[in-house]
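> What follows is a single structure, and I will ask about it in a moment.
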Amino acid sequence: MVQIIAGEKGKGKTKHLLDKVNESIKSATGNIVYLDKSQKHMYELSNKVRLINVADYMVSNCDEFLGFLCGVISQDHDLEEMYLDSFLTIAKLEGSDISHAIAKLESISEKFHVDFVLSISLNEKDLPECAKGKVIVSL
């Protein structure tokens with residue numbers, strides 16, 4: 001399952017994402033990973049959540065990012081959820097069509113039983129049709 005928190009930059013998407021991950025860890029039976037563009041939110045996350053700074057791994061395009069995600073999944077068979085903050089930035093999709101990435105995430109989610117929650121710096125109305133039904137918070 002892919003869920004989206006949508007809204008323009010500075011509207012509070014990260015706060016919603018952090019609240020959701022910290023609430024989710026209380027009932028999780030598997031592991032949870034939080035991917036971000038920096039270590040900035042390390043102290044706002046539960047210590048049971050693994051924070052990965054994607055900028056450390058030299059990802060330069062969306063396909064590399066999707067491969068990186070699959071690599072993370074392959075190393076943790078108990079992985080239950082992945083939270084992707086600043087999705088357009090970490091997936092190298094700023095100014096690009098995100099339909100391909102959303103479809104791939106949906107396929108990865110189904111195959112490996114990992115749920116994804118994304119924060120995307122776009123208004124809900126600006127999302128492609130394939131993503132509009134996945135929005136859980138619109139700011």
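The values are calculated or read from the model by the stated rules, or taken from the named source; none is laboratory data. Just so it is clear, the structure is predicted and the values come from calculations on it, not from any experiment. Every residue, glycine among them, receives a Cβ derived from its backbone with ideal geometry; neighbour counts consider all protein chains shown. Quick note on the areas: whole protein, heavy atoms, side chains included, nothing else; ligands and nucleic acids left out. Shrake-Rupley method; radii C 1.70, N 1.55, O 1.52, S 1.80 Å.
> How many percent of the accessible area of the chain is carbon or sulfur, using a 1.4 Å probe? Spell out each step's value before the answer.
Working: 3570 of 7360 Å².
Within the chain, the accessible surface is 49 percent carbon and sulfur.
> Scale the Cα Rg of the stretch 67-133 by the rule-of-thumb value 2.2 N^0.38 Å and send over the ratio, two decimals.
Relative to the 2.2 N^0.38 Å estimate, the stretch 67-133 comes out at 1.12.
> Using Cα springs under 10 Å in a Gaussian network model of the chain, which residue among D56, D85, D115 shows the largest mean-square fluctuation?
Fluctuation is largest for D56.
> For the chain, modelled as a GNM with alpha-carbon contacts under 10 angstrom, which of L93, L105, L35 fluctuates the most?
L93
> If I take all pairs of Cα atoms in the stretch 1-64, what percentage of them are more than 19 Å from each other?
Value for the stretch 1-64 (Cα pairs over 19 Å): 40 percent.
> To continue, here is another question. Express the relative contact order of the chain as a whole percentage, based on alpha carbon pairs under 8 Å and six or more residues apart in sequence.
That works out to 41 percent.
> Also, quick follow-up: Looking at the chain, which longest stretch skips every one of the trypsin sites (Lys or Arg not before Pro) that is in a DSSP loop with at most 10 other Cβ atoms within 10 Å, leaving the sites themselves out?
Longest gap between qualifying sites, sites excluded: 27-139.
> Excluding same-chain residues fewer than 8 positions from K104, which lysines have a Cα within less than 28 Å of its Cα?
Candidates past the 8-residue exclusion: K9, K11, K13, K15, K20, K37, K40, K48, K92, K125, K132, K134.
> Another one. Count neighbours as other Cβ atoms within 10 Å of each site's Cβ, and list the GluC sites (Glu not before Pro) in the stretch 1-106 that are DSSP loop with at most 16 such neighbours.
On the way: sites: E8, E23, E44, E64, E80, E81, E94, E106; in loops: E8, E94.
Hits after loop and neighbour filter: E8, E94.
> Given a 1.4 Å probe, how much area per residue of the stretch 67-139 is accessible, in Å²?
Heavy-atom accessible area per residue stands at 48 Å².
> Further question: Who wins for biggest fluctuation among Y83, Y43, Y34 in a Gaussian network model of the chain, springs between alpha carbons below 10 Å?
Top of the fluctuation ranking is Y43.
> Once phi is turned into ³J(HN,Hα) by the Karplus curve 6.51 cos²θ - 1.76 cosθ + 1.60 with θ = phi - 60°, what whole-Hz value does each residue of the stretch 14-27 show in order, with x for glycine and proline?
Per residue, the Karplus-derived 3J(HN,Hα) values read 4, 4, 4, 5, 5, 4, 5, 5, 5, 6, 5, 5, 5, 10 Hz.
> I'd like the per residue volume of the convex hull spanned by the Cα atoms of the chain, given in cubic angstrom.
101
> Let me ask you something else. On full extension of the chain, what length is gained from D56 through F112, given 0.36 nm per residue of separation minus the C-alpha to C-alpha distance? Walk me through the numbers before you get to the answer.
Numbers: separation 56, 0.36 × 56 = 20.16 nm, distance 2.46 nm.
Using 0.36 nm per residue and subtracting the Cα-Cα distance, I get 17.7 nm.
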